[in-house]
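Asker: I'd like to ask some things about the structure below.
The values are calculated or read from the model by the stated rules, or taken from the named source; none is laboratory data. Fair warning: this is a prediction, and the values are worked out from it, not measured in the lab. Quick reminder, even Gly has a Cβ in these numbers, built from the backbone with ideal geometry, and neighbours come from all protein chains shown.
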Amino acid sequence: MATSGDFHYIEIGDISADGTARAERLPQREAPSRATQFVRAGDVVTSTVRPVRRLSAVIDAEQDGYVCSSGFVVLQPRAIRSDVLLTYLRLPPVCALMDLHTSASMYPTISEADLLALPIPRISAATQQAIEKSTLAARQAKQRATQLLDAAKRAVEIAIEQDEKSALAYLEAQA
């Protein structure tokens, strides 16, 4: 990796509970030694460390070409949709199965070979489409909830700084 310029880095701590990944912009000269893998849009990354924590995410289109930690296995789904694979990898029984394959007690990890050997069920196209539709709806609902919470916070600020009528007018304009 070159030592000039910046890059976007995804590490295990950047995985959210909703199956999305944040990334930090870092100077290349400060690249962690674990910054070893490029990811592409639609890839699914899953942590090899403590798999019971359910730390998996789908890489978004704007994250194409980002770099991730070697603490992930980067999966490039072919016969299964990315959101379906993500949902499968985050199922508690699947995470418990992965945990059975971990080694070490202080820093339990599953090997890439053991992860890739997990059984992946054949899921019909219609079921995959329904799962994908549900996950998209959940993401949109979460995004809307975040927007409403931000608007409510701002309305409280307006009520404190100005008055309640101005705060209510702000909320109505946000709806």
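Asker: State all residues of region 123-145 that are among the aliphatic types (A, V, I, L, M) and in contact (Cβ under 8 Å) with a residue 60 or more places away in the chain; if no residue qualifies, say none. Give the derivation first.
Answerer: In the first step, residues of region 123-145 are kept if they are among the aliphatic types (A, V, I, L, M); the result is 123, 125-126, 130-131, 136-138, 141, 145.
Matches in region 123-145: Ala138 only.
Asker: Consider Arg154 carefully, then state whether it is surrounded by fewer than 11 Cβ atoms within 10 Å (Cβ to Cβ) and in a helix (DSSP H, G or I). Full working, then the answer.
Answerer: Details: surrounded by fewer than 11 Cβ atoms within 10 Å (Cβ to Cβ): no; in a helix (DSSP H, G or I): yes.
In short, no.
Asker: Being touching a strand residue (DSSP E or B) at 6+ places or on another chain (Cβ under 8 Å) and hydrophobic (A, V, I, L, M, F, W, C) is the requirement here; does Leu149 meet it?
Answerer: Working: touching a strand residue (DSSP E or B) at 6+ places or on another chain (Cβ under 8 Å): no; hydrophobic (A, V, I, L, M, F, W, C): yes.
No; evaluated as a whole, the condition is false for this residue.
Asker: Sticking with this structure for a sec: How many residues does region 1-17 hold that are assigned to a loop (DSSP other than H, G, I, E, B) and not charged (D, E, K, R)?
Answerer: 7
Asker: Return the residues of region 38-82 that are among the aromatic types (Phe, Trp, Tyr) and within 22 Å of Arg139 (Cα to Cα); say none if nothing qualifies.
Answerer: Residues of region 38-82 among the aromatic types (Phe, Trp, Tyr): 38, 66, 72.
The answer is Tyr66, and nothing else.
Asker: Taking into account only those residues within region 42-87 that are within 11 Å of the chain's Cα centre (by Cα) and among the aliphatic types (A, V, I, L, M), which is nearest to Gly19 (Cα to Cα)?
Answerer: Per the criteria, the residue is Ala57.
Asker: Regarding Thr127, is this residue within 23 Å of the chain's Cα centre (by Cα) and either at pLDDT 95 or above or among the small types (Gly, Ala, Ser) (or both)?
Answerer: Numbers: within 23 Å of the chain's Cα centre (by Cα): yes; either at pLDDT 95 or above or among the small types (Gly, Ala, Ser) (or both): yes.
Here the answer is yes, as Thr127 does meet what is asked.
Asker: Ok, one more. Can you name every one of the strands (runs of 3 or more DSSP E) wholly within region 18-90 that holds 3 or more residues which are free of Cβ contacts under 8 Å to residues at least 12 places away in the same chain and among the hydroxyl-bearing types (Ser, Thr, Tyr)?
Answerer: On the way: elements: 24-27, 35-38, 44-47, 56-58, 67-69, 72-75.
In region 18-90, no matching strands (runs of 3 or more DSSP E) lie anywhere.
Asker: Also, quick follow-up: Considering region 105-142 alone, what residues qualify as being acidic (Asp, Glu) and not assigned by TED's automatic domain parsing to the domain that holds Ser82? Break it down stepwise before answering.
Answerer: Filtering region 105-142 down to residues acidic (Asp, Glu) leaves 112, 114, 132.
Within region 105-142, Glu132 is the sole residue that qualifies.
Asker: Within region 29-42, can one find any residue that is surrounded by fewer than 17 Cβ atoms within 10 Å (Cβ to Cβ), in contact with a strand residue (DSSP E or B) (Cβ under 7 Å, 6 or more places away or on another chain) and among the aromatic types (Phe, Trp, Tyr)?
Answerer: Within region 29-42, one or more residues are surrounded by fewer than 17 Cβ atoms within 10 Å (Cβ to Cβ), in contact with a strand residue (DSSP E or B) (Cβ under 7 Å, 6 or more places away or on another chain) and among the aromatic types (Phe, Trp, Tyr).
Asker: Kindly list, by first and then second residue, each pair from a residue in region 146-161 that is among the basic types (Lys, Arg) to a residue that is surrounded by 11 or more Cβ atoms within 10 Å (Cβ to Cβ) and assigned to a helix (DSSP H, G or I), limited to pairs with Cβ atoms under 7 Å and residues at least 6 apart or on different chains.
Answerer: Arg154/Tyr170
Asker: A further question follows. Return only the number of the condition from (1) crowded, with 18+ Cβ neighbours inside 10 Å; (2) in contact with a Leu (Cβ under 6 Å, 6 or more places away or on another chain) that Pro77 does not satisfy.
Answerer: Of everything listed in (1) crowded, with 18+ Cβ neighbours inside 10 Å; (2) in contact with a Leu (Cβ under 6 Å, 6 or more places away or on another chain), Pro77 misses just condition (1).
Asker: Filter region 111-124 down to the residues that are loosely packed, with under 13 Cβ neighbours inside 10 Å and farther than 23 Å from Thr48 by Cβ, then identify the one that is modelled with the highest pLDDT.
Answerer: Applying the filter and picking the extreme gives Ser124.
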